[in-house]
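The structure appears below as structure tokens.
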Amino acid sequence: MNVIDSKKSNVVVRNKKFIDFYADKNSSIEKKRKIMEEWYRAEFKKIIPALIEIWSKKTKTKVGDWKVRKMKTKWGSCNKEKGRVWLNLELIKKPVHHIEYVLVHELTHLRVRNHNENFVRHMNTFMPSWRTIKGELNNFILTHETWER
């Protein structure tokens, strides 16, 4: 991320590779973190509805509700009884196929509570490459932020 001194806060993605973050140099680290988090959350919420629609159909699983939240130790979670899925905000920083893997994993948990043979069978059916994607995702750190210029 490229932090640029500016009186007006703004986030610009350049060439689909770089994030230019415009913020007042006198802003606190917490203020900068909050602005970025709001931007990430908005970006995440742009893509999730379409992914849920696609994967709900493929898995024949109904999602009652979904939320984005910061999680320290998990990429996602769900509540089977309410059909609710939570996705870790940090996923927005990962490739889309990683987001899809976590979503499919949680959708499968809406059907099967544990990581038993039935769960694995469903995952193999819904997303045959899930083990490879899981391995890729697990090689990423859960979060990292640097605010130095």
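The values are calculated or read from the model by the stated rules, or taken from the named source; none is laboratory data. These numbers come from a predicted model, not from an experiment. We place every Cβ from the backbone using ideal geometry, glycine too, and count neighbours over all the protein chains shown.
Going by the conditions given, is I48 more than 30 Å from K7 (Cα to Cα), among the hydrophobic types (A, V, I, L, M, F, W, C), out of contact with any Ser or Thr (no Cβ under 6 Å at 6 or more places or on another chain) and free of Cβ contacts under 8 Å to residues at least 60 places away in the same chain? Answer is yes for this residue. Scanning the range 72-90 for residues that are free of Cβ contacts under 8 Å to residues at least 60 places away in the same chain, assigned to a loop (DSSP other than H, G, I, E, B) and over 15 Å from E53 (Cα atoms) returns K74, K80, E81, K82. Residues that are within 14 Å of the chain's Cα centre (by Cα) and of a type in the set (G, A, S) within the range 1-57 comprise A42, A50, listed in sequence order.
Scanning the range 115-142 for residues that are at pLDDT 95 or above and hydrophobic (A, V, I, L, M, F, W, C) yields a total of 7.
Just one of F44, F18 is touching a Leu at 6+ places or on another chain (Cβ under 9 Å) and either at pLDDT below 90 or within 26 Å of V96 (Cβ to Cβ) (or both); which is it? Even if it seems obvious, please write down each step before you answer.
On the way: F18 fails: touching a Leu at 6+ places or on another chain (Cβ under 9 Å).
From the options F44, F18, the qualifying one is F44.
Condition check: more than 21 Å from P128 (Cα to Cα) and among the β-branched types (V, I, T). Does I54 satisfy that? Break it down into steps so the answer makes sense when it comes.
Working: more than 21 Å from P128 (Cα to Cα): no; among the β-branched types (V, I, T): yes.
Criteria not met by I54.
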